[in-house]
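Undergrad: Sharing a structure here in structure tokens format.
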Amino acid sequence: MFETLSDRLTSVFSSLRSKGRLSEADINATAREIRIALLEADVALPVVKDFIAHVKERALGAEVSQALNPAQQVVKIVNEELIEILGGETRRLRFAKTPPTVIMLAGLQGAGKTTLAGKLAYWLKGQGHTPLLVAADLQRPNAVQQLQVMGERAGVPVFAPEPGNGVGDPVQVARRSVEEARRAQHDVVIIDTAGRLGVDAEMMQQAIDIRDAVSPDEILFVVDAMVGQDAVNTAQAFMDGVGFDGVVLTKLDGDARGGAALSVRHITGRPIMFASTGEKLEDFDLFHPDRMAGRILD
Ligand code: GDP
């Protein structure tokens, strides 16, 4: 995860290690190199610009510290700015005062929504919740069955359309699932919705219709971290369309660069809430900006 960026930054910092103090020229040169590292990591340009401006301003104004040498000071500043750009605090799920809490997943096909639905359900179950998974992705032929497999693995029931039970209508399925959750006392409902290969008006309208039918407590935008800056464009389209409360980054295990992770918060104004790091149910956790920054600078 983020190996390329990590390696680049390590080499930038090691070139500072021999310096007794940093001149303005040193700081400018370092800022330039960090800029290149971030651009190579596919971080969105406005994010890179802000990041570099902050680092430069703080490095130039840095007080002479007894405890840290100049290289360590730059590392400290970059670490703090990385945490900031990744969202600062960990954003936790907000549960409804009156159950069930309704969580709706949105995102493109292949982003990892169905897998994520199972992981989230498993994670919630591990915390003592009683989730219900909902198969409202009726676009992709295998999606319902795939969710049922995930549900079985997670040990979580799946609400899926049955003949005469609103077949083919994801809005009906979503609405009924919330009624079912109330009846069977599931405290969280996780609704998997249909995606397409690209942003498309019909898909967005369907997501909006589901949203309006069930008024989710949290809408999570699920995006494949490996697509880099494209994730930002997709995020923007979903923000303008259905809107969302938080981001889930999937496939972080295959993301050597980190561009999506470092851009999406800044561009959409919404926090990254969860990270998915593999195909196993357990490869999933809350997103911790400080730990992620630590990994990058490791
Ligand atoms: P959906 O179309 O959004 O529902 O996406 P899927 O859940 O079907 O996921 C698409 C593919 O990505 C599947 O082959 C998953 O096994 C895989 N996948 C999902 N999440 C991760 C992850 O965090 N890491 C890796 N390596 N693969 C993942």
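The values are calculated or read from the model by the stated rules, or taken from the named source; none is laboratory data. Keep in mind the model is a prediction, meaning the values are calculated, not measured. Backbone-built Cβ (ideal geometry, glycine too); neighbour counts: all protein chains shown.
Undergrad: Within the set of pairs 6+ apart or on separate chains, which have a first residue in the range 249-269 that is part of a strand (DSSP E or B), a second that is within 15 Å of the ligand (Cβ to nearest atom) and among the basic types (Lys, Arg), and C-beta atoms under 9 Å apart?
TA: Between residues of the range 249-269 that are part of a strand (DSSP E or B) and residues that are within 15 Å of the ligand (Cβ to nearest atom) and among the basic types (Lys, Arg), the close pairs are Thr250/Lys113.
Matching residues to (1) in a helix (DSSP H, G or I); (2) in contact with a Cys (Cβ under 9 Å, 6 or more places away or on another chain); (3) farther than 21 Å from Lys119 by Cβ:
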position	(1), (2), (3)
Ile191	no, no, no
Gly195	no, no, no
Gly198	no, no, yes
Met204	yes, no, yes
Ile208	yes, no, yes
Asp212	yes, no, yes
Val222	no, no, no
Val232	yes, no, yes
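Undergrad: Report, by residue number, each residue of the range 240-256 that is among the charged types (D, E, K, R) and away from the ligand (no atom under 15 Å from the Cβ). Let's see the steps before the verdict.
TA: Of all residues in the range 240-256, those among the charged types (D, E, K, R) come to 240, 245, 251, 253, 255.
If the condition is that a residue be among the charged types (D, E, K, R) and away from the ligand (no atom under 15 Å from the Cβ), then Asp240, Asp245 are the ones that fit.
Undergrad: For the range 75-111, name all the residues that are surrounded by 22 or more Cβ atoms within 10 Å (Cβ to Cβ), within 16 Å of the ligand (Cβ to nearest atom) and either over 20 Å from the mean Cα position of the chain (by Cα) or in a loop (DSSP other than H, G, I, E, B) (or both).
TA: The answer is Gly107, Leu108, Ala111.
Undergrad: Keeping to the range 183-205, report how many residues are within 16 Å of the ligand (Cβ to nearest atom) and either in contact (Cβ under 8 Å) with a residue 40 or more places away in the chain or on the phi > 0 side of the Ramachandran plot (or both).
TA: Of the residues in that region, 11 qualify.
Undergrad: Evaluate the range 185-192: report whether one residue or more is surrounded by fewer than 16 Cβ atoms within 10 Å (Cβ to Cβ) and at pLDDT 95 or above. Step through it out loud before you land on a result.
TA: Taking the range 185-192 as the starting set, the residues that turn out to be surrounded by fewer than 16 Cβ atoms within 10 Å (Cβ to Cβ) are 185.
So of that shortlist, the ones also at pLDDT 95 or above come out as 185.
Yes, some residue in the range 185-192 is surrounded by fewer than 16 Cβ atoms within 10 Å (Cβ to Cβ) and at pLDDT 95 or above.
Undergrad: Pull out all pairs, ordered by first then second residue, where Cβ-Cβ is under 7 Å, the residues are six or more apart or on different chains, the first lies in the range 275-290 and is within 8 Å of the ligand (Cβ to nearest atom), and the second is of a type in the set (Lys, Arg).
TA: If the second residue must be of a type in the set (Lys, Arg), the pairs left are Ser276/Lys119; Ser276/Lys251; Phe284/Lys119.
Undergrad: Moving on. Taking Val144 as the residue in question, decide whether it is touching a helix residue (DSSP H, G or I) at 6+ places or on another chain (Cβ under 8 Å) and of a type outside the set (D, E, K, R). Give the derivation first.
TA: Values: touching a helix residue (DSSP H, G or I) at 6+ places or on another chain (Cβ under 8 Å): no; of a type outside the set (D, E, K, R): yes.
So Val144 fails the test.
Undergrad: Within the range 125-173, restricting attention to residues that are part of a helix (DSSP H, G or I) and more than 16 Å from the ligand (Cβ to nearest atom), which residue is surrounded by the fewest Cβ atoms within 10 Å (Cβ to Cβ)?
TA: Gly126
Undergrad: Among the candidates Ala181, Ala260, Ala207, which residue alone is surrounded by 15 or more Cβ atoms within 10 Å (Cβ to Cβ) and closer than 27 Å to Arg35 by Cα?
TA: Values: Ala181 fails: closer than 27 Å to Arg35 by Cα; Ala207 fails: closer than 27 Å to Arg35 by Cα.
Exactly one of Ala181, Ala260, Ala207 is surrounded by 15 or more Cβ atoms within 10 Å (Cβ to Cβ) and closer than 27 Å to Arg35 by Cα, namely Ala260.
Undergrad: Moving on to the next point. Could you grab me the full set of residues in the range 118-138 that are touching a helix residue (DSSP H, G or I) at 6+ places or on another chain (Cβ under 6 Å) and either in contact (Cβ under 8 Å) with a residue 60 or more places away in the chain or aromatic (Phe, Trp, Tyr) (or both)?
TA: Here is the first cut: in the range 118-138, the residues touching a helix residue (DSSP H, G or I) at 6+ places or on another chain (Cβ under 6 Å) are 118, 121-122, 131-138.
Result: Gly118, Ala121, Tyr122, Ala136.
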